[in-house]
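Worksheet: the structure to be examined is printed underneath.
Derivation of every value follows stated rules applied to the coordinates shown; laboratory data play no part. This one's a predicted model, so the numbers in the text were calculated from it and none came from an experiment. Because the Cβ atoms are built from the backbone with ideal geometry, glycine has one as well, and the counts that use them run over all protein chains shown.
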Amino acid sequence: MTSPPGPSAPTTSTPGTSAAQAVAWMHTARFLTTAPRLEHLPESEVPEIAFVGRSNAGKSTCINTLTQQKRLAFASKTPGRTQAINLFALGKQGITDAVLADLPGYGYAAVPKQDKLRWQQVMANYLVTRPNLTGVVMMVDPRHGLTELDEILLEVIRPRVEEGLKFLVLLTKADKLNRSEASKALSIARLQTAGGEVKLFSALKKQGVEETSLLLWHWAHPEPA
């Protein structure tokens, strides 16, 4: 494997922003649009945060847990069948101050090869060219670790990470790990991402919800230089 992207720049704090306020902000999420192709994505100047991950890594569940909505992100009964980029707006009182982008899961064997290749290219183009992309959250099942496809995605975004793109790995389904296993999974993931930011997340136990919400708030609301 070639060198993965290095750690993202430290997140600055917005004075007066609490974890509870960030969690409440995430709860304002509402469906914005769906785009089967990149050219169908609306132009936007607000920060956009993309959620990516291998099919069945818990991406939809993670988004629904963070936003406290059961079906905001659709979890298909057949993982990998969702073939569109879904956008969700964030912000109170009808004001959109950030957008979450739910990208199709990748790597599921039941998806025809031509569909896999097409969507891998669409995702790569999105991650490389989307001008208002501010951060990427990658969901990883810690029982399997980062896969080859995860590492390929890391290589795709590496140049943008070096230019300031924020990056976070969420180890989902953390409730299935004991303390020793969780510590080992964190250490391995940090090595694989060259010291990048990694957090444990459990939708069942709500572990990591406040930390992640606050981090995403800061990504979308950076302090003026």
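If R0 is 45 Å, what FRET efficiency do you get for residue 179 and residue 155 from their C-beta distance, rounded to 0.05? Could the numbers behind the result be given before it?
On the way: r = 32 Å, r/R0 = 0.71.
Step by step, r from the Cβ atoms, then E = 0.90.
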- Note on the structure: Phi-derived 3J(HN,Hα) across the stretch 177-188 with the Karplus relation (6.51, -1.76, 1.60, θ = phi - 60°), rounded Hz, x for Gly and Pro, is 10, 7, 4, 5, 5, 5, 4, 5, 4, 4, 4, 5
- Note on the structure: Sorted by chain and number, the residues with a modelled amide H under 5 Å from that of residue 98, at a separation of 5 or more or across chains, are 90
- Query: Considering the Cα trace of the stretch 37-220, what is its radius of gyration and what is Dmax, both in angstroms?
  - Reply: 15.5, 46
- May I ask you to evaluate 6.51 cos²θ - 1.76 cosθ + 1.60, the Karplus curve with θ = phi - 60°, for each residue of the stretch 54-69 and list the ³J(HN,Hα) values in order in whole Hz, giving x for glycine and proline? 4, 4, 6, 8, x, 5, 4, 4, 4, 4, 5, 6, 5, 8, 6, 9
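Which number comes out as Rg/Rh for the stretch 112-210 once both Rg and the Kirkwood Rh are worked out on C-alpha atoms?
Numbers: Rg = 14.5 Å, Rh = 14.5 Å.
On the Cα set of the stretch 112-210, Rg over Rh gives 1.00.
How high is the relative contact order of the stretch 113-225? Use alpha-carbon pairs under 8 Å, at least six apart in sequence, and give a whole percent. Please report the intermediate quantities before stating the final value.
Details: 108 pairs, mean separation 28.8, N = 113.
For the stretch 113-225, the relative contact order is 25 percent.
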- Cα-projected label distance for residue 221 with residue 128, points at 7 Å along beta-carbon direction, nm: 3.5
- Separation in nanometres of the label points that stand 7 Å from Cα toward Cβ, at residue 113 and residue 70: 4.1
- Message: As a test, work out the antiparallel percent of DSSP beta bridges whose residues both lie in the stretch 37-220, rounded to the nearest 5.
- Response: 20
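What does the charge count near residue 201 come to, summing +1 for each Lys or Arg and -1 for each Asp or Glu among other residues with Cβ under 10 Å from its Cβ? Could the numbers behind the result be given before it?
Values: positive: 173, 199, 205, 206; negative: 175, 211.
Local charge sum for residue 201: +2.
Using 0.36 nm per residue, how much length does the chain from residue 92 to residue 24 gain when fully extended, once their Cα-Cα distance is taken away? Intermediate results must be reported in sequence, preceding the final value.
Details: separation 68, 0.36 × 68 = 24.48 nm, distance 0.94 nm.
Difference between extended and current length: 23.5 nm.
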- Note on the structure: With a 26 Å threshold on alpha-carbon distance, the violating pairs from 59/176; 113/206; 59/206 are 113/206
- Note on the structure: With 0.36 nm assigned to each residue of separation and the Cα-Cα distance removed, residue 45 to residue 190 gains 49.1 nm
- Under 15 Å from the Cβ of residue 157, count the other residues' Cβ atoms, weight Lys and Arg +1, Asp and Glu -1, and hand me the total. -3
- Item | Karplus-derived 3J(HN,Hα), 6.51/-1.76/1.60, for each residue of the stretch 94-106, Hz, glycine and proline x | x, 9, 8, 10, 6, 9, 9, 10, 9, 8, x, x, 10
